[in-house]
Amino acid sequence: MPAGATAWLAARGLAARSSTPLAGDVGARRYWRLRLAAGGSAVLALYPPAERTACRRFLASGELLAGAGVRVPAVLARDCARGRMVVEDLGRETVYDLRRRPWPEVAPYFEAAARAARRIAALPAGAVAALSPTLAAALLRHELGRTWEAFLEPRGLVAGDGFGGRLAAALDALCAALGEAPSAPCHRDLMVRNLVPLGASEVGLLDHQDLRLGPPLYDLASLLNDSLFPPPEAERALLAEHAPDPAARLAYHRAAAQRTLKAVGTYAAFARRGRRRHLPLIAPTLSRALVHLAAAPETAAVAPDAARRWRRAIC
């Protein structure tokens, strides 16, 4: 644990017997699980200077979410000016850590997360808009630009026969359609690595500091298409409940197409920085992207060509 943190914790009644560094997320924040001298555990988060606005956003988003009945870690101590925060330790496992269990044991957590997504979507739009920039067309395009630069171009997946131009135009149209839809509050990264199983059928949400307005059903698209993919029949059941009509289903496919391609680029970019643990997720995520590209009218025409050209990257 960094120098200075020990005294800071003790001054707040959170003296630690021991600390264990955690893998954390892919940003520059660093985390430690603390074994507290008074009993129990907590999580210490340290924010570098460039990310200290995220500390303040975490506090604001946490208040909004908790007020809506969404379970988030309680804040036990904070000093955002110095980039320090201690939060409740919800548990050592995420839903992703349950991926080898039979689906009936995992399904209740997906259902709980989908319910949480509905509560998030019902948050006051004005309060959410004040937290972070809207996930609008320009930002969605920027994210796919990183995928292009970090993954598609280096692997030769957009070369030849004008395919790159056709794909770029189709993705531009997809992002435009997503940006034209009425925005709704979204967690922004509602996926299994940010969900902690609580009891038999509830979840706690981590990393909620990027709460913002975004495309409708973006959170559901993230939940069902990131890291741990539900069986087809389970996905159909969740969609029947949370995206029951054709317009909602189209919004889901559009958001999922963008989200999965964005995730592929993120994983590739992490690997270039030496963080290679997400590389095994690229192939299945790219495969999911093709399904949703085929289902969105803006990208349906180019999807078969993409499937043919990207076959090696998926296998």
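Read-outs throughout are calculated quantities, based only on the coordinates presented, and are distinct from any laboratory measurement. In this text the structure is predicted, and so the values were computed from the model without any measurement. When we count neighbours, we look across all protein chains shown, and the Cβ atoms used for this are built from the backbone with ideal geometry, even at glycine.
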- request: Take the chain, connect every pair of alpha-carbon atoms lying under 10 Å apart with a spring to form a Gaussian network, then pick out the residue of 158, 72, 128 with the largest mean-square fluctuation.
  value: 158
query: In Å, what is the Rg of the alpha-carbon atoms in the stretch 84-223, and how long is Dmax?
result: 17.9, 54
message: Nearest 500 deg cm²/dmol is fine: what mean residue ellipticity at 222 nm does the chain get from its DSSP H runs of n ≥ 4 alone, each adding -39,500 (n - 2.57), divided by its residue count?
response: -14500 deg cm²/dmol
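So which trypsin sites (Lys or Arg not before Pro) in the stretch 28-121 end up in coil per DSSP with only 11 or fewer other C-beta atoms within 10 Å? Working shown, then result.
Details: sites: 29, 30, 33, 35, 52, 56, 57, 71, 78, 82, 84, 92, 99, 100, 115, 118, 119; in loops: 29, 71, 82, 92, 99, 100.
Hits after loop and neighbour filter: 92, 100.
How big is the stretch 12-125 by the Kirkwood estimate over distinct Cα pairs, in Å?
Averaging 1/r across every pair of different Cα atoms and inverting gives 15.9 Å.
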